[in-house]
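Scroll down for the structure; my scribbles are underneath it.
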Amino acid sequence: MAGLGNGVPVLSGVYVYPIKSCGGISLQSADLRATGLRDDRRWMLVDESGGFMSQRRHPRMALISPRITPDRLVVRAPGMPDLEVPFEGEHGERIDVEVWGDAQRGVPAGGEADRWFGRYLGFPCRLVRKPDDDVRPVDSAYARDGDQTSFADGFPLLLISEASLEDLNRRLESPVPMNRFRPNLVVRGCGPYAEDGWGEIRAGGAVFRVAEPCPRCAITTVDQESGKRGKEPLKTLAAYRKAEGEVWFGRNLIHTSLGTVRVGDPVEVTPR
């Protein structure tokens, strides 16, 4: 596996997930905003109590494919007509929503969107957007004043190296693609789990602190192409990447500057 030919890793993938726990979008470049990559986890499905919905309980969410246009969110799913949600079309008062115990506010997308998702998932739900002025601080020993995130589980970004996935796949009977782990940034040109030893990285002029390792859950066992759940790769990961009662794979990031990241950007690493 090669980086730039001089031992410097490079960004080989940039991904955003506009609707939390739904399909991702592969990009050639993405701008950083206060909460992370632009449009990442900007929307979220919530149940009747305002709690977030995810593939943990609704694996068919993997088959929901969002797309961003200049003025709207377009959503597709098998057997459903396209849903269009204008950026300025949300209406109604903000509602209380919750992400892993964090009380947040959400702007409802409206009844048409709610009916679309409810029909597809067979479960009553609402689509909400995160208001820019509803700040959600990052809760971490690595966080500093002003660090914030969106509707993500807890951090602005997640990074995984290709070498780490290749090492895992050598242990599996059937290899899995990177989308099982839903990273924002993928790096090529380093050794397996090298990211565990990084303290800071620079890419495309942006700077990131490398925070806690990412604890993995049942979403990794959901085939993102079929929406069906199995036992792998979590079972195999637990045999060699388990500590403190969690299975770790990938590293969370907190950005300390804004900028644009692009596939092919060299990744400068400062060891932990």
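Does residue 135 satisfy being out of contact with any Ser or Thr (no Cβ under 7 Å at 6 or more places or on another chain), of a type in the set (Val, Ile, Thr) and at pLDDT 95 or above?
So residue 135 passes the test.
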statement: Checked against (1) on the phi > 0 side of the Ramachandran plot; (2) surrounded by 15 or more Cβ atoms within 10 Å (Cβ to Cβ), residue 146 satisfies every condition except (2)
- prompt: In region 254-272, how many residues are among the aliphatic types (A, V, I, L, M) and either farther than 22 Å from residue 145 by Cβ or without any contact (Cβ under 8 Å) to a residue 40 or more places away in the chain (or both)?
  reply: 4
query: Any chance region 118-130 includes a residue that's over 16 Å from residue 44 (Cα atoms) and touching a residue at least 40 places away in the same chain (Cβ under 8 Å)?
result: no
- request: Go through (1) of a type outside the set (A, V, I, L, M, F, W, C); (2) touching a residue at least 24 places away in the same chain (Cβ under 8 Å); (3) surrounded by 14 or more Cβ atoms within 10 Å (Cβ to Cβ); (4) part of a helix (DSSP H, G or I) one by one and return the number of the condition residue 98 breaks.
  value: (4)
task: Hey, can you tell me all the residues within region 14-48 that are within 11 Å of the chain's Cα centre (by Cα), in a loop (DSSP other than H, G, I, E, B) and farther than 16 Å from residue 70 by Cβ?
output: 17, 20, 21, 22, 23, 24, 40, 41
query: Does residue 216 satisfy being surrounded by 20 or more Cβ atoms within 10 Å (Cβ to Cβ) and either touching a helix residue (DSSP H, G or I) at 6+ places or on another chain (Cβ under 7 Å) or β-branched (Val, Ile, Thr) (or both)?
result: yes
Options 202, 180, 171, 209: the member that is more than 21 Å from residue 45 (Cβ to Cβ) and either in contact with a helix residue (DSSP H, G or I) (Cβ under 9 Å, 6 or more places away or on another chain) or hydrophobic (A, V, I, L, M, F, W, C) (or both): 171
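The values are calculated or read from the model by the stated rules, or taken from the named source; none is laboratory data. Computed from a predicted model, the values in this text were never measured in an experiment. Glycine gets a Cβ as well: all are built from the backbone with ideal geometry, and neighbour counts include every protein chain shown.
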